[in-house]
Each structure stands twice: as structure tokens, then as C-alpha cells.
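Beneath this line is the structure, given in C-alpha cells, with notes to follow.
The values are calculated or read from the model by the stated rules, or taken from the named source; none is laboratory data. Nothing here was measured: the structure is a model prediction, and the numbers come from that model. A quick note on method: Cβ atoms are made from the backbone with ideal geometry, for glycine too, and the neighbour counts reach across all protein chains shown.
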Amino acid sequence: MKTPPQRWHLYVVDLEARVGTKPGRQRPCLAIQPDEFGDAGLESTVVLPLTTRVVTGDAFPLRVRLQKGSGGIDRESDILVDQILAWDNSLFRREFGTLPEALQCRPCRTRIINARRLVELVTPEL
């Protein structure tokens, strides 16, 4: 790809070999990094991978459901909010489309909520 990945766009990204719980192979990913980072020359992009192994029911805040056709995907999928990755821009293969506006804040809001909970758990009371 000649231009840096854009925030809220879905791409096929080559995630290489699977290691532990990290998703592997080429798979759809949602770019969540602000566009200003790529515009400034950063050669990697923060993404959330997707899986077509959807869970039954609502798995929020760990997963956000995307219906078939959302952002150009051809199967119902879950955004794996707990699998945040920074990936080299040269491994982005093609663009699917843009995440629907109604869903654009939900994955990032989930990351912020989870980060606050982690801080609360590890910060001793004064």
C-alpha cells in the first residue's frame, strides 16, 4: 500500500505465524491508530484483529460484533479488542472498507475502560 493505513478502516494484514494466543496468517484487522501518526511517517499502525469464530451472545468488552457487510467484510466477525497489535505498514495487503460510524468509538472506548480497570487493580490505595 502506498498510503499509510487510515483509522477506522478494515484491512487484510499479514500477521505471519501464530504464536500463543496471538492470531496468525493473513486476516482482517481494524486500524485504530490516529491518522496523524502515519501522516508523520510512523511505519507501523496499531490494529485490532478480527475473527470469524464469533462467540454466542454479547462478549463486550472483549469483543465487538461486526455483521456481514459491515466495512466490506464478507462474514460475520468479532473484533478482538484484547489482541491489540502494532504492525509494520508493509504487511497491510488490501483494504476492505470503513467501519460504520455507529461502531467507530466502541472498540477504543473498550480499550480505555479496560486500561482504567487494570490501573485500579494494580494501584495500591494510599
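Tabulated results
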{"quantity": "The stretch 35-47 residues that are surrounded by 17 or more Cβ atoms within 10 Å (Cβ to Cβ), paired with ones that are of a type outside the set (A, V, I, L, M, F, W, C) and assigned to a strand (DSSP E or B) (beta carbon under 7 Å, 6 or more apart)", "calculated": "G38/T45; S44/D88"}
{"quantity": "Filtered residues of the stretch 89-104 (kept if in contact with a strand residue (DSSP E or B) (Cβ under 7 Å, 6 or more places away or on another chain), over 17 Å from R7 (Cβ atoms) and of a type outside the set (K, R))", "calculated": "L91"}
{"quantity": "Members of the stretch 10-26 that are modelled with pLDDT under 90 and touching a Ser or Thr at 6+ places or on another chain (Cβ under 8 Å)", "calculated": "P23"}
{"quantity": "Checking Q33 against (1) part of a loop (DSSP other than H, G, I, E, B); (2) farther than 13 Å from Q6 by Cα, the condition it does not meet", "calculated": "(2)"}
{"quantity": "Residues (in contact with a Lys or Arg (Cβ under 8 Å, 6 or more places away or on another chain) and either modelled with pLDDT under 90 or in a loop (DSSP other than H, G, I, E, B) (or both)) located in the stretch 36-58", "calculated": "T52, V54, V55, D58"}
{"quantity": "Any hit, the stretch 22-29, residues being touching a residue at least 12 places away in the same chain (Cβ under 8 Å), basic (K, R), in a strand (DSSP E or B) and buried (at least 17 other Cβ atoms within 10 Å of the Cβ)", "calculated": "yes"}
{"quantity": "Qualifying residue in the stretch 72-87 (condition: surrounded by 17 or more Cβ atoms within 10 Å (Cβ to Cβ), part of a loop (DSSP other than H, G, I, E, B), modelled with pLDDT under 95 and more than 11 Å from the chain's Cα centre (by Cα))", "calculated": "yes"}
{"quantity": "Tally, over the stretch 89-105, of residues that are over 14 Å from the mean Cα position of the chain (by Cα), farther than 15 Å from D74 by Cα and outside any helix (DSSP H, G or I)", "calculated": "1"}
